[in-house]
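Chemist: I'd like to ask you about the structure that follows.
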Amino acid sequence: MAGCIILLIVGIALVVKGGDWFVDAASWIAEVSGVPTFIIGATIVSVATTLPEVLVSSLSAAEGSAGMAIGNAVGSVNCNIALIMAMSLLFMPGILKRRDYIAKIFMLLGVISVLWALSSTSGTLVWWEGLIVLAFFFAFMVENLLSAKRHAKLSALDEEKEEMAKEGVRILTAEEFEFDIQKDFNSKSIITIKRTGIQFEKSTLAKNIILFVIGAGAIVLGAQLMCDNGAKFASLLGVSDDLIGVTILAVGTSLPELVTAITAIAKKKSDLSVGNVIGANIIDISLILPLCAFISAGKFGENLPVSSQSLVLDFPFCLAVAGVALLPALAFGKFKRWQGGLLLAGYVTYITLLVLNTLGTIHIF
């Protein structure tokens, strides 16, 4: 038992730290390659921050642990909203810019409702139903790009960008990406990106490539440790994979969002936390579960089974907390502290019901 717990904690630590290294390195590499900042934020960062959940659920599905796969994805959404966002709202309720979030809010509510409805018909998720859910992911990415591009145009260019524009500097295409290696007076290798003028030491490039590789490897290894030892832990405790998925794995893979929320609170940037949580939730639901359905169909020739726990408690709670957190704010244009309190109370109740049902004290599913 002790060894299982230690390896589970090590897995969580590797996933969290590896994700941090991977996102930072990927963002830096994309930026110096000439990719516009708004594209980096809207695609690379938003997807990379949910990579831990993607890998943990995908590996669980590949190993036949559908309960952990679905529980991790849906449980991460519940944790993100009812615990992490709730903390932000309790300490620092902010204004909700309707134009920025209205499409994302209805995408999140829509994909949860569609997924719940599709799963309820047969108690499984068929691969072609996964394609329907996956359409929400692509719609989100397109909306993310359009929104980011709109913000980029509205933002005033800083002095450096204005100077670059005057000199006729433009973003590189893939075919035009070239670099020169020069030597400065200290004999350090300096890389200069042609046409953009971006300069950095060769050691910086090597460092970020190493962090990119190590980060990706740490996520994969950590995800595998979480899956293997999560299943063993569930077996030793005599509880279901679903319960482990929506609790330990969900909270563990949501730690990056938790760190972002705490940082946002400290820096008084509530919109950063809210935006990160909404985006992460859409990706968790619309990307992870279709991938799990494809893996289940491809490897086992079966539909992805959806447990009674998910249908009776996890999905309804997910839709309820998303509605409580976002619809009043959308209507009034700002968040309220009472929403944070209600969400936290709901999360405690949700976990309590899961535990009591597992112990046999009550019977819900």
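Chemist: Any idea which of ALA117, ALA69 is under 28 Å from VAL239 (Cα atoms) and either surrounded by 17 or more Cβ atoms within 10 Å (Cβ to Cβ) or polar (S, T, N, Q) (or both)? Lay out the reasoning, then the answer.
Modeler: Numbers: ALA117 fails: either surrounded by 17 or more Cβ atoms within 10 Å (Cβ to Cβ) or polar (S, T, N, Q) (or both).
When all the criteria are applied, what remains is ALA69.
Chemist: With the structure loaded, tell me whether SER88 is hydroxyl-bearing (Ser, Thr, Tyr), surrounded by 24 or more Cβ atoms within 10 Å (Cβ to Cβ) and closer than 21 Å to LEU134 by Cα or whether it fails that test. First the steps, then the outcome.
Modeler: On the way: hydroxyl-bearing (Ser, Thr, Tyr): yes; surrounded by 24 or more Cβ atoms within 10 Å (Cβ to Cβ): yes; closer than 21 Å to LEU134 by Cα: no.
No.
Chemist: Counting just the residues of the stretch 313-365 that are aromatic (Phe, Trp, Tyr) and in a loop (DSSP other than H, G, I, E, B), which one comes out modelled with the highest pLDDT?
Modeler: Taking the stretch 313-365 and keeping what is aromatic (Phe, Trp, Tyr), we get 315, 317, 332, 335, 338, 347, 350, 365.
Remaining after also requiring in a loop (DSSP other than H, G, I, E, B): 335, 365.
On the way: PHE335: 90, PHE365: 79.
Within the stretch 313-365, the match that is modelled with the highest pLDDT is PHE335.
Chemist: Given (1) over 14 Å from ILE105 (Cα atoms); (2) crowded, with 17+ Cβ neighbours inside 10 Å, where does ALA322 come up short, assuming only one miss?
Modeler: Against the list (1) over 14 Å from ILE105 (Cα atoms); (2) crowded, with 17+ Cβ neighbours inside 10 Å, ALA322 comes up short only on (1).
Chemist: Right, something else. Name, by its number, the condition in (1) of a type outside the set (A, V, I, L, M); (2) out of contact with any Phe, Trp or Tyr (no Cβ under 7 Å at 6 or more places or on another chain); (3) modelled with pLDDT under 95; (4) assigned to a helix (DSSP H, G or I) that does not hold for LYS268.
Modeler: (4)
Chemist: Which count do you get for residues in the stretch 277-312 that are assigned to a helix (DSSP H, G or I), within 11 Å of VAL126 (Cα to Cα) and polar (S, T, N, Q)?
Modeler: Result for the stretch 277-312: 1.
Chemist: Kindly state which helices (runs of 4 or more DSSP H) lie completely within the stretch 1-118 and contain at least 3 residues that are modelled with pLDDT of 90 or more and among the hydrophobic types (A, V, I, L, M, F, W, C). Let's see the steps before the verdict.
Modeler: Details: elements: 2-32, 51-62, 66-79, 86-91.
Output list reads 66-79.
Chemist: Right, something else. Within the set of pairs 6 or more residues apart or between chains, which connect a residue that is buried (at least 16 other Cβ atoms within 10 Å of the Cβ) inside the stretch 233-249 to a residue that is in a helix (DSSP H, G or I) and of a type in the set (Asp, Glu) with Cβ atoms less than 7 Å apart?
Modeler: ALA234/ASP241; VAL246/ASP314
Chemist: Is there any pair with a first residue in the stretch 188-207 that is more than 22 Å from PHE22 (Cβ to Cβ) and of a type in the set (D, E, K, R) and a second that is at pLDDT below 75 and in a helix (DSSP H, G or I) whose Cβ atoms are under 9 Å apart and which are 6 or more apart or on different chains, and what are they?
Modeler: Short answer, once both residue conditions are applied: LYS188/LYS202.
Chemist: Please state which of the following conditions GLY110 fails to meet, knowing it meets all the rest: (1) surrounded by fewer than 17 Cβ atoms within 10 Å (Cβ to Cβ); (2) over 18 Å from the mean Cα position of the chain (by Cα).
Modeler: (2)
Chemist: Given the criteria β-branched (Val, Ile, Thr), assigned to a helix (DSSP H, G or I) and at pLDDT 80 or above, does ILE210 qualify? Can you show your working first?
Modeler: On the way: β-branched (Val, Ile, Thr): yes; assigned to a helix (DSSP H, G or I): yes; at pLDDT 80 or above: yes.
It is true that ILE210 is β-branched (Val, Ile, Thr), assigned to a helix (DSSP H, G or I) and at pLDDT 80 or above.
The values are calculated or read from the model by the stated rules, or taken from the named source; none is laboratory data. Bear in mind the structure is a predicted one, so any value in this text is a computation, not a measurement. Note that each Cβ is placed from the backbone with ideal geometry, even for glycine, and that neighbours are counted across all protein chains shown.
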